[in-house]
Amino acid sequence: MHDRLAPLYSQHLATLRARADKALVLGGYDHLVIAASTPLRKFLDDQDYPFVANPHFRHWLPLTDAPGSWIVYTPGHKPKLIFLQPRDYWHVVPDAPHGYWVEHFDIVIVRDATDAVAQLPGVDARRAIIGPECPAVPGAEANNPQCVLSYLHWHRSYKTPYELELMREASRTGTRAHQAAEQAFRAGESEFGIHLAYLAAARQIDAELPYASIVGLNEHGAVLHYTHFDRVAPPQSRSFLIDAGASAAGYASDITRTYAAYGHTEFQALIDSVEAAQQGFVARVRAKQGYPDLHIHAHHVLANVLREHGFIRMSAESAVASGVTSAFFPHGLGHPIGLQVHDVAGFQHNEMGGTIARPAGHPYLRMTRDLEPGMVVTIEPGLYFIDMLLNELRAKPVASDIDWAKVERFRQYGGIRIEDDVVCTDGAPENLTRDAFALL
């Protein structure tokens, strides 16, 4: 893996330096200073929450556990890493930097935060300091200039070959763990037991995953962000929805699969229809495709799925216009993904900032830009049986065009979601998730 990454990283760093040069000129700054950040302290406690490094820091370096460290980039000069390696016998002290990337940085090792700040350009210098506002570091408070952030965020949408290779690795790890989770479901494990099987196969702890895993059996599949983890298996596991990813040097995968227990053929047929629709949406991840248009298209296709399976008796156009599809598919089709699961700039108008509004009636769509080569997005349609939304639908005139007896039979399954991570290219899309599953 490292042999493949070394030449790709050199190109990646050259790209980041060129972007930083332009961003600094736009903002009138001489130095880009990026804080890795420090852990957040729990309220009224002497312990910290798990550390998550600033994504801007991880963009430059494959370091995910370097709290208190800094990157300084000055155009025309080699980037500088100020690496905090504290004198500490309470915690594991980070190893000195090593690997394929170290030759590209001037590295200074310091022992405390004060020494780290002393290595930064002085307070009189024109510094764009990127980092969280809390906790603040005296002498190096973040200013996060918007013009600099807008430019960097816009261009972070376009993944370098180095980034794509890490995302492929995250997908390989995630799919291996998904396979273990399905096996645990088939073996009758509880949600908690399935989650433990997932972690073991991924070889990552919860804090290392890019987001909290969703592991829902039966009706729990209707809770979009279900993270409860029942410790006792239900008397009968009818269905299983898992939305879980993995990380590779700070880059995320985000994968969802839904399974029917053996013998539940009617629900399996609905899963198959949603999967076929999902693959059709993946095929449309092409340059110049408007993401909102793809989302609206998904509503029409899913309306036909509902009609074909006997849930509704209206046309697709009527189902979308009346809000019926939004009751069964209440979230967005997907989102940008990369250093963050819901990556930046999904709504950004251009590299200077601005916002592209969501289409009316679709408040949870997480991307409104047109697709372009280098972007990576998730494609995650779903159909759910959510009591709150169904009860609202029952009160509408269109309720007479819905087979409520069939809806009631499917409530026991919760819902369906199928999600892949997909790269927009100059030609056919690259499906990171399906390619990784094919290697199992």
So for the range 169-191 (the condition being modelled with pLDDT of 95 or more, within 20 Å of residue 11 (Cβ to Cβ) and crowded, with 23+ Cβ neighbours inside 10 Å), does at least one residue qualify? yes
Note on residue 5: of the conditions (1) in contact (Cβ under 8 Å) with a residue 60 or more places away in the chain; (2) farther than 12 Å from residue 152 by Cα; (3) open to solvent by 70 Å² or more (accessible area, probe 1.4 Å), unmet is (3)
The residue that is nearest to residue 48 (Cα to Cα), considering only those in the range 126-136 that are open to solvent by less than 60 Å² (accessible area, probe 1.4 Å) and at pLDDT 95 or above, is 131
Please tell me if residue 221 is in contact with a Gly (Cβ under 8 Å, 6 or more places away or on another chain), of a type in the set (Gly, Ala, Ser) and assigned to a strand (DSSP E or B).
no
Among 87, 111, 58, the single one that is on the phi < 0 side of the Ramachandran plot, out of contact with any Lys or Arg (no Cβ under 9 Å at 6 or more places or on another chain) and touching a residue at least 24 places away in the same chain (Cβ under 8 Å) is 58
When residue 433 is run through (1) open to solvent by less than 10 Å² (accessible area, probe 1.4 Å); (2) under 24 Å from residue 326 (Cα atoms); (3) assigned to a helix (DSSP H, G or I), the failure sits at (2)
Here the residues within the range 30-79 that are more than 19 Å from residue 207 (Cβ to Cβ) and not in a loop (DSSP other than H, G, I, E, B) are 31, 32, 33, 34, 35, 56, 59, 60, 70, 71, 72, 73
Just one listed residue, out of 178, 153, is within 18 Å of residue 202 (Cβ to Cβ), part of a helix (DSSP H, G or I) and not polar (S, T, N, Q), and it is 178
Residues in the range 137-145: is at least one touching a helix residue (DSSP H, G or I) at 6+ places or on another chain (Cβ under 7 Å), open to solvent by less than 70 Å² (accessible area, probe 1.4 Å) and at pLDDT 95 or above? yes
Item to complete: Looking only at the range 236-258, decide whether some residue is of a type outside the set (Lys, Arg) and surrounded by fewer than 17 Cβ atoms within 10 Å (Cβ to Cβ).
Response: yes
Before we move on, is residue 360 out of contact with any strand residue (DSSP E or B) (no Cβ under 7 Å at 6 or more places or on another chain), among the small types (Gly, Ala, Ser) and outside any helix (DSSP H, G or I)? yes
A careful count of residues in the range 8-29 that are in contact with a helix residue (DSSP H, G or I) (Cβ under 9 Å, 6 or more places away or on another chain) and not in a loop (DSSP other than H, G, I, E, B) gives 15
Quick check: anything in the range 393-401 farther than 30 Å from residue 153 by Cα, in contact with a Phe, Trp or Tyr (Cβ under 9 Å, 6 or more places away or on another chain), open to solvent by 30 Å² or more (accessible area, probe 1.4 Å) and of a type in the set (D, E, K, R)? yes
Q) If you check residue 107 against the conditions, is it within 17 Å of residue 69 (Cα to Cα), open to solvent by 30 Å² or more (accessible area, probe 1.4 Å) and modelled with pLDDT of 95 or more? A) yes
Note: among 211, 226, 162, 198, just one is open to solvent by 10 Å² or more (accessible area, probe 1.4 Å), in contact with a helix residue (DSSP H, G or I) (Cβ under 7 Å, 6 or more places away or on another chain) and of a type in the set (Ser, Thr, Tyr), namely 226
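The values are calculated or read from the model by the stated rules, or taken from the named source; none is laboratory data. Remember, predicted model here, so these are calculated numbers, not experimental data. No Cβ is skipped: glycine too gets one built from the backbone with ideal geometry, and neighbour counts run over all protein chains shown. Side chains are part of the model used for accessible areas, which takes the heavy atoms of the whole protein and leaves out ligands, DNA and RNA. Shrake-Rupley method; radii C 1.70, N 1.55, O 1.52, S 1.80 Å.
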